[in-house]
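S.K.: Below is one structure. I have some questions about it.
Only the coordinates and a few stated rules stand behind these numbers; no lab work does. What you see is a predicted model; the values in this text were computed from it and never measured. Quick reminder, even Gly has a Cβ in these numbers, built from the backbone with ideal geometry, and neighbours come from all protein chains shown.
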Amino acid sequence: MRSSNPVFSRRGFSRDNGYAGFNTAPQAGGAAVGTQGSPYAQPQGNPYATNPYAQQGLQQGAPPQTPVTTGRMTMDDVVLRTGTTLGILIVTAALAWALLPVDDANIGRSYGIGIGAAVIGMVLALVQSFKRTATPALIVSYAAFEGVFLGVVSSIVDNRIASGAAMQAVIGTLAVFAAVLVAYKAGWIRVNRRFYGFVMAAALGFVLLMVVNLLFAAFGGGDGLGFRSGGLGILFGIIGVLLGACFLALDFKQVEDGIAYGAPREEAWLAAFGLTLTLVWIYMEFLRLIAILNSSD
């Protein structure tokens, strides 16, 4: 199963490179793990196995073994890198909130800095997404610039539209993360081919509609087709949050499979990067939704 997250899809978690097929090792007495409904099932077993006897054991139906060699990704690695990335993002967001005022005299300058930081962060994210290896400096830099953007935007919404919106968006994001994690670990969410196809189709349609709305707003004025205001805005905000939750489930699957099959430790940086992108998506959708709800009061 390949994640919809472009970070996971590009490197380390797709079939297009040497780290493909995490969910393809056979279980004892049964078919390959994840081959039911998986569009990326591979017959060769554990792609990380370097011991030919271990590889043979996988092909004969033995359950996957936890790697005993060093240099493999663990859950601690993922948690540490994700905490580092999110920590940098939060610190720069707090600094932007404190140092870039959004009163009438300064909002233009602060907003301009925020947009500039967003553009730089987007470029860094694209560069990392298309690299074949994780570059911690790029990931950390992305988090820093994205934090500046989020700090400015959050301050504008919180101070000029809806007081307390930023904290509400943070709580909402954490609640979605916790709910999806519990549902995934409990087996209530089945990440299979059908789930992947549905999420990708929904995400593509969502993004296309947002692009069309942006073009209409740019050339026609106003709010374009109204997808980001009023009743439609609320509906699309909810859809955006639900899509973010689906992305989280796909990301959890990739992290779990990477650990189970002994992905290299540097892949933990990609896992952290991908999870950060998804959490930023969910936070922004919550912030936008709260702003719309308060604007319509």
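S.K.: Given R₀ = 25 Å, what would the calculated FRET efficiency be for Val91 paired with Tyr111, taking r from the Cβ atoms and rounding to 0.05?
M.R.: FRET efficiency, Val91 to Tyr111: 0.75.
S.K.: So what's the net charge close to Asn159: Lys and Arg +1, Asp and Glu -1, counting the other residues with Cβ under 13 Å from its Cβ?
M.R.: Overall, the nearby charge balance is -2.
S.K.: Out of Ile189, Gly230, Leu138, whose Cα points farthest toward the positive end of the dipole of the range 111-245 (charges: +1 Lys, Arg; -1 Asp, Glu; placed on Cβ)?
M.R.: The residue sitting most towards the positive pole is Ile189.
S.K.: Around Ala183, with a cut-off of 13 angstrom between Cβ atoms, what is the net charge of the other residues, counting Lys and Arg +1 and Asp and Glu -1?
M.R.: Once all neighbours under 13 Å are counted, the net charge is +3.
S.K.: Output the peptides 252-263, 177-188 sorted from most to least packed, where packing is the average of other Cβ atoms within 10 Å over each peptide's residues.
M.R.: 252-263, 177-188
S.K.: Here is a follow-up. By how many nm would the segment from Val127 to Met210 grow when fully extended, if each residue of separation counts as 0.36 nm and the alpha-carbon distance is taken off?
M.R.: Extra length from Val127 to Met210 when fully extended: 27.6 nm.
S.K.: Along the Cα→Cβ direction, 7 angstrom out, place labels at Leu80 and Asp104. What is the inter-label distance in nm?
M.R.: Between Leu80 and Asp104, the simple spin-label model gives 5.2 nm.
S.K.: Ranking request for peptides 271-282, 126-137, 233-244: highest mean number of other beta-carbon atoms within 10 Å first, then the rest in descending order.
M.R.: 271-282, 233-244, 126-137
S.K.: Measure off 7 Å from each Cα along the Cα-to-Cβ vector at Met167 and Trp188, then give the distance between these two points in nanometres to one decimal.
M.R.: Distance between the two pseudo-spin positions: 2.7 nm.
S.K.: Okay, next question. Which values of log₁₀ I(q)/I(0), to two decimal places, follow from the Debye formula for the range 198-294 at q = 0.12, 0.22, 0.23, 0.24 Å⁻¹ with a uniform point scatterer at every Cα?
M.R.: -0.48, -1.10, -1.15, -1.21
S.K.: Over all directions, what mean area does the Cα convex hull of the range 61-191 project, stated in square nanometres?
M.R.: 11.3
S.K.: Rounded to whole Å, give me the distance from the Cα center of the range 91-157 to that of the range 174-238.
M.R.: Result: 22 Å between the Cα centres.
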